[in-house]
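Student: Have a look at the structure that comes next, please.
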């Protein structure tokens, strides 16, 4: 397995970064564009593997749709394939993807009229005209279930009446989906405990995908750990569909973020602000957990982070993976029932190589620790291609020294 070693820049970070486009937005826009029969409606797509695979599968419509490691791709295509009348598709992916929970989504699709059969290597979907109607989710493990249904809701004869009770993990991602429906001419109605989407047709309007706030978090992490650091995230905007813009608030104790016509500039705060003593609920923005946890460790801050229930079923068990890294660095870390508690400063500055275990966000968030360590070595560096293929190139441009071992 190849590996990459990252060493800190000789001087404080002063860089201008063109972030990738949002893969979350890209994949939603592509599904809608495909339902309209015109993928060219979407421009400025993410160049990550998840979106590349989504685009190729929607364009070529093969019988076997191999989604690789992409959970969003897989779940959205389960819904998409269900409404492709007269077509049959086998949805599959790597073993870890097939082990992740999908059955609640499949059951909901069947209740709405889908013809889906579970097989050893995936799900066989026979597209048909679906009636739609009422579905109830109580504390679903993934908001992607809801977004998948909402995306196809206008194609259902009776639309969709979706009830969502209990814990509402990653709620901003469902909000993003609803706003995209609105952009394409469908007007969902919000209720106290769910959403109603009427039957109808999407409108053929162009859509440009914005820069990715999830990827911005790794630069917030770097500026927080680098005295004198200053980074312009060119083209990034506060006005966005993406819930991960909350990074501005989460990193505010260490990073000032200012928007102008060029984008958002991050500047290291010479005097750190206070971190709250109370547990911080991250159920709306779980993708920010890894870079935030490593920022806290680099700053020597003790914290309790809650609302992370669904991170155990991501590409890897992210709570366990982050805990393993922190303990290897000399910090304390533990988790239970979606709560992660960490403390202590980094004492081991020459740890063994880290294996991201097919999780792109582990590699992306571990690399900035080079600012606190002698160096960081990460196995399988190509894993970042899932969402941020230019990451290593951007680190070099920012002044890091990188060397690759094959």
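Bear in mind that the values in this text are calculations on the coordinates, not laboratory data. Source: prediction; values computed, not measured. Reconstructed Cβ throughout: ideal geometry from the backbone, glycine too, with neighbour counts over all protein chains shown.
Student: How high is the relative contact order of the chain, given as a whole-number percent (alpha carbon pairs under 8 Å, six or more residues apart)?
Tutor: Numbers: 888 pairs, mean separation 83.6, N = 406.
After rounding, I find 21 percent.
Student: Okay, moving on. Once the Cβ-Cβ distance between residue 193 and residue 167 is put in as r, and R0 is 22 Å, what FRET efficiency do you end up with, to the nearest 0.05? Kindly include the intermediate steps, with their values, before the conclusion.
Tutor: Working: r = 13 Å, r/R0 = 0.57.
Working from the Cβ atoms, E equals 0.95.
Student: Full extension from residue 5 to residue 382: what is 0.36 nm times the residue separation minus their Cα-Cα distance, to one decimal in nm?
Tutor: Details: separation 377, 0.36 × 377 = 135.72 nm, distance 1.30 nm.
Length gained, residue 5 through residue 382: 134.4 nm.
Student: Next question. Beyond 37 Å, what share of the Cα-Cα pairs of the chain is found? Please give it as a whole percent.
Tutor: Cα-Cα pairs of the chain separated by over 37 Å account for 22 percent.
Student: Now a separate question. For a quick check: sort 352, 233 by the number of other beta carbons within 10 angstrom, fewest at the front. Could the numbers behind the result be given before it?
Tutor: Values: 352 8, 233 25.
Neighbour counts put them in this order, fewest first: 352, 233.
Student: Right, another one. Which order do the peptides 312-319, 113-120 take when ranked by the mean count of other beta-carbon atoms within 10 Å per residue, highest first? Don't jump to the answer; show the numbers that get you there.
Tutor: Details: 312-319: 19.9, 113-120: 14.0.
Going by the mean number of other Cβ atoms within 10 Å, highest first, we get 312-319, 113-120.
Student: Tell me, 130, 1, 362, 111 in order of fewest to most beta-carbon neighbours within 10 Å? Mind dumping the intermediate values first?
Tutor: Working: 130 24, 1 10, 362 27, 111 15.
Result, fewest neighbours first: 1, 111, 130, 362.
Student: Along Cα→Cβ, 7 Å out, is where each label goes; now give me the distance between the ones at residue 230 and residue 277 in nm to one decimal.
Tutor: 3.7
Student: Also: On full extension of the chain, what length is gained from residue 327 through residue 179, given 0.36 nm per residue of separation minus the C-alpha to C-alpha distance? It would help to have the intermediate numbers written out before the result.
Tutor: Details: separation 148, 0.36 × 148 = 53.28 nm, distance 4.07 nm.
Length gained between residue 327 and residue 179: 49.2 nm.
Student: Note the full-extension length gain between residue 119 and residue 374 as 0.36 nm times their separation in residues minus their Cα-Cα distance, in nm to one decimal.
Tutor: Contour length minus Cα-Cα distance gives 87.0 nm.
Student: Stokes-Einstein at 37 °C, 0.692 mPa s, Kirkwood radius from Cα pairs: D for region 218-326 in µm² s⁻¹? Can you show the working numbers first?
Tutor: Numbers: Rh = 14.7 Å.
Translational D for this selection: 223 µm²/s.
Student: Also, I was wondering about something else. In what order do 384, 325 fall by count of nearby beta-carbon atoms within 10 Å, going from fewest to most? Before the final figure, lay out each step's value.
Tutor: Values: 384 25, 325 22.
If I rank by nearby Cβ atoms, fewest first, I get 325, 384.
Student: Which value in nm describes the separation of the simple spin-label points at residue 63 and residue 157, placed 7 Å from the Cα toward the beta carbon?
Tutor: 2.9
Student: Within region 264-301, what residues put their amide N at less than 11 Å from the label point 7 Å along the Cα-to-Cβ vector of residue 341?
Tutor: Within reach of a label on residue 341, which here means backbone N under 11 Å from a point 7 Å along Cα→Cβ, region 264-301 contributes nothing.
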